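To keep things clear, I will list the structure first and then write my remarks on it.
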Amino acid sequence: MTNKYIFDNLPYKNKRFVDLVFRGSLNYERETVKFHRKLMYEELLKISKKKKIVSVIGSKVFNNFLNSELLQKAKKRLSIKEYMFLMSKSKISVSPFGWGEIGARDFETISSGAILFKPDMSHLLTWPDYFIPNETYVPIRWDYSDLERKIFNYLNKPKDSNIISSNAQNLFFKSLSKKGMNNFCEHFINLVND
């Protein structure tokens, strides 16, 4: 069995050719769960329609200039392997709040090497602190009023984007190491003992 992605034979396999991705469901009965997702979805649709960026918003694909097989597949449900390949070809991934502030998409984004855009997390304490503004993720206002400006700021500054995504990825993989796991356990033992 091979770990290679099914799209490895494409000529642009090592390039991030998707500017922006948001794959999230809006099918939730609870308004509290879908509110931020729906608002994000609507904002991203507006941005993708008026700007010439390659984006995947839900199952909608905008500006598929390469006529990419991956982007054609993105119009439908993707396997986890296909989804992670899409993430690995994306520059920016947005992760709104849903069931809570932190979601699996945050870590899928970080591990794929895309830059994480997320509503400002400064109200929340995490350990390890994966959410360091403009160091490990790009915070956006909760009403998304700065979303478009920040998207184009980081698309136009790939070196800055790479620094942030690399910082996040290094922190994440360090926390999953044996030493990182030990530090995590020691942190909670110290909390209990205090």
> Any idea how many residues of the stretch 124-141 are modelled with pLDDT of 95 or more and among the aromatic types (Phe, Trp, Tyr)?
Replying inline: 2
>> Of everything in the stretch 21-34, what is among the acidic types (Asp, Glu) and in a helix (DSSP H, G or I)? Give them in sequence order.
In response: Glu31
> Within the stretch 124-160, which residues are within 16 Å of Thr109 (Cβ to Cβ) and in contact (Cβ under 8 Å) with a residue 60 or more places away in the chain?
Replying inline: Leu147, Ile151, Tyr154, Leu155
>> Among the residues of the stretch 165-175, what is the count of those that are under 16 Å from the mean Cα position of the chain (by Cα), closer than 16 Å to Asp129 by Cβ and either surrounded by 13 or more Cβ atoms within 10 Å (Cβ to Cβ) or modelled with pLDDT of 95 or more (or both)?
In response: 5
> If Ile151 satisfies every condition in (1) over 24 Å from Asn27 (Cα atoms); (2) modelled with pLDDT under 95 but one, which is the exception?
Replying inline: (2)
>> Need the failing condition index for Ile102 against (1) of a type in the set (A, V, I, L, M); (2) farther than 23 Å from Ser161 by Cβ; (3) free of Cβ contacts under 8 Å to residues at least 60 places away in the same chain, just the number.
In response: (2)
> Can you tell me which residue in the stretch 148-164 is surrounded by the fewest Cβ atoms within 10 Å (Cβ to Cβ), limited to those that are among the polar types (S, T, N, Q) and in a helix (DSSP H, G or I)?
Replying inline: Asn153
>> Can you find, within the stretch 1-34, the residue that is modelled with the highest pLDDT among those that are among the charged types (D, E, K, R) and loosely packed, with under 12 Cβ neighbours inside 10 Å?
In response: Lys15
> Which condition breaks for Leu191 when tested against (1) part of a helix (DSSP H, G or I); (2) surrounded by 11 or more Cβ atoms within 10 Å (Cβ to Cβ)?
Replying inline: (2)
> Mind checking which pairs have a first residue in the stretch 161-185 that is in contact (Cβ under 8 Å) with a residue 40 or more places away in the chain and a second that is hydrophobic (A, V, I, L, M, F, W, C), Cβ under 6 Å, 6 or more apart or different chains?
Replying inline: Ser161/Ile115; Ile164/Ile115; Ser165/Ile115; Ala168/Ile110; Gln169/Ile110; Phe172/Ile110
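The values are calculated or read from the model by the stated rules, or taken from the named source; none is laboratory data. Computed from a predicted structure; not experimentally measured. A quick note on method: Cβ atoms are made from the backbone with ideal geometry, for glycine too, and the neighbour counts reach across all protein chains shown.
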